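Trainee: Dumping the structure here so I can ask a few things about it.
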Amino acid sequence: MQDISILYIPSNARDIHSWVAVLNNECVGNIHLEVELNNKIRFFDAWVHKEYRRKGIFRKLWDTRWKFVQENFLGYVAYAWCKPMSLPLLLEKDFKEVETCVYVEKKIAK
């Protein structure tokens, strides 16, 4: 796999942070988070182009976002609604299943 660049897109008025995976000047994936009230962070809208799936791009995007929250949001609670195929990665990262509709969360710490 060629080198994928991960680009950060700064927060906008809604306090959303985004990262895009770029290969040959084309977006092949993205991932986002939103800072909410009460020290909560919502992970949402992760996507990888179907031709580039199963090549580690989602994990690279996820790890980049996770490093960002560890550096900027210690003590916050991160949560996500995820599809069953994403659940193993979240459980690997010590998130806990909270509801039967697959809600996961973890307090951000080093």
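The values are calculated or read from the model by the stated rules, or taken from the named source; none is laboratory data. Just so we're clear, the structure is a prediction, and the values are computed from it rather than from any experiment. Backbone-built Cβ (ideal geometry, glycine too); neighbour counts: all protein chains shown.
Trainee: Between a first residue in the stretch 40-57 that is closer than 14 Å to residue 18 by Cα and of a type in the set (Phe, Trp, Tyr) and a second residue that is surrounded by fewer than 14 Cβ atoms within 10 Å (Cβ to Cβ) and at pLDDT below 90, which pairs have beta carbons less than 9 Å apart while being 6 or more apart in sequence or on different chains?
Mentor: 43/81; 44/81
Trainee: A follow-up question, please. Tell me, yes or no, whether the stretch 17-29 has at least one residue that is assigned to a loop (DSSP other than H, G, I, E, B) and within 23 Å of residue 82 (Cβ to Cβ).
Mentor: Pass one, the stretch 17-29, residues assigned to a loop (DSSP other than H, G, I, E, B): 24-25.
Okay, now just the ones that are also within 23 Å of residue 82 (Cβ to Cβ), so none.
No: the stretch 17-29 contains no residue that is assigned to a loop (DSSP other than H, G, I, E, B) and within 23 Å of residue 82 (Cβ to Cβ).
Trainee: Residues to consider are 22, 69, 48; find the one that is out of contact with any Lys or Arg (no Cβ under 6 Å at 6 or more places or on another chain), modelled with pLDDT of 95 or more and more than 18 Å from residue 108 (Cα to Cα).
Mentor: Details: 69 fails: more than 18 Å from residue 108 (Cα to Cα); 48 fails: modelled with pLDDT of 95 or more.
Testing whether each residue is out of contact with any Lys or Arg (no Cβ under 6 Å at 6 or more places or on another chain), modelled with pLDDT of 95 or more and more than 18 Å from residue 108 (Cα to Cα) leaves just 22.
Trainee: Sticking with this structure for a sec: Across the stretch 10-35, which residue is nearest to the chain's Cα centre (by Cα) among those that are within 20 Å of residue 67 (Cβ to Cβ) and either surrounded by fewer than 17 Cβ atoms within 10 Å (Cβ to Cβ) or of a type in the set (D, E, K, R) (or both)?
Mentor: Looking at residues that are within 20 Å of residue 67 (Cβ to Cβ) and either surrounded by fewer than 17 Cβ atoms within 10 Å (Cβ to Cβ) or of a type in the set (D, E, K, R) (or both), I get 34.
Trainee: Moving to a separate point now. Within the stretch 76-102, which residues are within 18 Å of residue 31 (Cβ to Cβ), of a type outside the set (A, V, I, L, M) and either at pLDDT 80 or above or surrounded by 13 or more Cβ atoms within 10 Å (Cβ to Cβ) (or both)?
Mentor: Within the stretch 76-102, 76, 79, 81, 82, 86, 88, 92, 93, 95 qualify.
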